[in-house]
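Below is one structure, written out as structure tokens, with a few remarks after it.
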Amino acid sequence: MEKDSRPQSRILALDTSSAAQAVAVLNKDQVLAESNKLAERNHSVNLLPEIQQLLQQSETNKSDLTGIAVGIGPGSYTGVRIAVTTAKTLAWALKIPVVPVSSLEAQAASGLADTDFEARTWVIPLVDARRGQAYTALFEAEHAQADRLKRLAEDAILLTQDWVAEVARQF
């Protein structure tokens, strides 16, 4: 019997906590297919077709998936519900685990992906929460361990002006 040569640790990742809709199919540290599109107020219409398209693009069968990572915000409550409900339903049907991921932490990690830095670096994700507020957090990365973020401040919704002053005080 011929052994399937395709890797068997494929993860579906999705996040609809903001106006953007992000979907990816991963194999360990490799991104096999990804999509990041503006889908404001249309996540419920666009998400499943986008998942199907990326699975086809990456030559991944649903049965190849070993887990689902889902962005849990902070962000749009409706957007978070759409991604979480989709992830939990697929995970239940496929009998695979679903893992919640801070959308801000994912954003911070993606900001370090191809960044070259010498020493410790702060990473401060910001997502517009309207009315002078932002969803934000504070992370630190070290050059030697650029793939690891140390959380310095929890996810929060803060007045942008106050947050800038707080970060300036810590700097």
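The values are calculated or read from the model by the stated rules, or taken from the named source; none is laboratory data. This structure is a prediction, so every number in the text was calculated from the model and none was measured. Heads up, the Cβs are rebuilt from the backbone with ideal geometry, glycines too, and the neighbour counts pull from every protein chain shown. We work out accessible area using only protein heavy atoms, side chains counted, and drop any ligands, DNA or RNA first. Shrake-Rupley method; radii C 1.70, N 1.55, O 1.52, S 1.80 Å.
Things worth noting here:
- On inspection, Thr66 passes the criterion of being under 29 Å from Ala141 (Cα atoms), at pLDDT 95 or above and either outside any strand (DSSP E or B) or open to solvent by 30 Å² or more (accessible area, probe 1.4 Å) (or both).
- Of the residues making up the stretch 81-94, at least one is basic (Lys, Arg), outside any loop (DSSP other than H, G, I, E, B) and within 21 Å of Asp128 (Cα to Cα).
- Qualifying position, being closer than 21 Å to Ala108 by Cβ, open to solvent by 70 Å² or more (accessible area, probe 1.4 Å) and among the polar types (S, T, N, Q), among Gln30, Gln21, Gln53: Gln30
- Test set (1) under 23 Å from Leu12 (Cα atoms); (2) charged (D, E, K, R); (3) at pLDDT below 95; (4) surrounded by 13 or more Cβ atoms within 10 Å (Cβ to Cβ) - Glu142 fails condition number: (1)
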